[in-house]
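Student: Submitted below is the structure of interest, expressed as structure tokens.
The values are calculated or read from the model by the stated rules, or taken from the named source; none is laboratory data. Being a predicted model, the structure only gives us computed values, none of them experimental.
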Amino acid sequence: MDILLSIIFISILFVLLVLFIFIGRSRQRTADPQILTLTQGQERLERSLQDELRGTRAELAQNLTKIMEIQTKQLAALRSEIARFGQGNDQKMEQLRETVDRKLRELQSDNAQKLEQIRKTVDDKLHETLEKRLGESFKLVGDRLEQVQAGLGEMRTLAAGVGDLKRVLVNVKNRGTWGEVQLISIIQDLLAPHQYELNAVTQPGSQERVEVAIRLPGSAKTEGMGKKEQPVLLPIDAKFPKEDYERLVSARESGDSLASEEAGKLLERRLKLSAKDIYDKYINPPYTTDFGILFLPSEGLFAEILSRPGLAESIQREFRVVIAGPTTLAAMINSLQMGFRTLAVEQRTTEVWRTLSLVKAEFEKFGELLDKTRKKLQEAADTVDLADKKSRTIQGKLQKAEQLQEPEGVRQEIPNLLS
């Protein structure tokens, strides 16, 4: 189609060119008669050109007709081919659609089966996991409830213990028992059973008994079947003036300086009375040391006593009583332990020297016995030498007798020779 349009366009241009030339020549012919001949020749040329143009147009028309026919045939063939191709495409598209539909149905069916399997698997796993988690949760809750029950039991026990402690602290006798228990616990942790006595009598014939007495190696002697050395006792008694101490603490917390000073004086008076009681009842040299120990079961109370200027020193100077708290008492007992070890080493050294003296005496006796044995052995050796000499003499005489003929009366002489 594009070729046909190009040919038509060229033909139109050619016609326009010829017309332009013809018009130009007509103008020249009117203007210049001399060139008529040339004009006629040109006209003939133009006629020939027109004839050729007409022939060309006819040929061109024929060619165009043929081209149109060919194009029509080609277009018809193309249409049929396109129609056939479209039909084939429709069939292929239908087949493709059917195949896609079938594959989609198969895929949907397979996906449905897989989804069902996944759902069942997820349900099973979820059920199993849920049961497991619920079981673990119930077990954990049960364990926690048991722990809570145990904790409640411990809380009840603790509450009962607190109640008992409160009753102990309220009652004076029980407070003394509590201090005594703490004192005995410290002593038992640091000393061996043979190194202390409980409820010990420090004065012969007295009914007073000190709570704890530490046995110190000493020179106390008792009368009985004979004089016998006894260990010196170090008396330790526990005191706990709780009311006076609490009164002092309350006065300080309330900011009442007068009440605080009065409570401090009462506490000092109570402590001095306790120290005097220990001095009068339990300090009895030479059966005991010339001092005792007043044990305070509270570190706070002990610190309060030490913070009062000159109180501990005056009690120690007047009543020969040393004040000790739990930590201080443990340090004092540890120092006593070192003294025990040093004394034990000294005693062992004395025993070693005593044993060496005995060994020396026995060794001297053994030397004398060796001298006597040597003398006896020397006497035996001398006797053996004498017997040996006599034996050799007899052998010599016997050899001489063997060389001689036996005369008459030899048998009578032999006994004389032997004698």
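Student: Please find, among ASP277, ASP256, the residue that is modelled with pLDDT of 85 or more and either within 25 Å of GLU318 (Cα to Cα) or assigned by TED's automatic domain parsing to the domain that holds ILE315 (or both).
Tutor: So the residue among ASP277, ASP256 that is modelled with pLDDT of 85 or more and either within 25 Å of GLU318 (Cα to Cα) or assigned by TED's automatic domain parsing to the domain that holds ILE315 (or both) is ASP277.
Student: Hey, does the range 124-134 have a residue that's at pLDDT 75 or above and of a type in the set (Val, Ile, Thr)?
Tutor: Yes, that holds for at least one residue.
Student: List the helices (runs of 4 or more DSSP H) that sit entirely inside the range 307-419 and contain at least 2 residues that are at pLDDT below 70.
Tutor: Correct list: 326-403, 410-418.
Student: Right, here's the next one. Quick check, is GLN71 modelled with pLDDT of 75 or more, in a helix (DSSP H, G or I) and assigned by TED's automatic domain parsing to the domain that holds SER11?
Tutor: Against the criterion (modelled with pLDDT of 75 or more, in a helix (DSSP H, G or I) and assigned by TED's automatic domain parsing to the domain that holds SER11), GLN71 qualifies.
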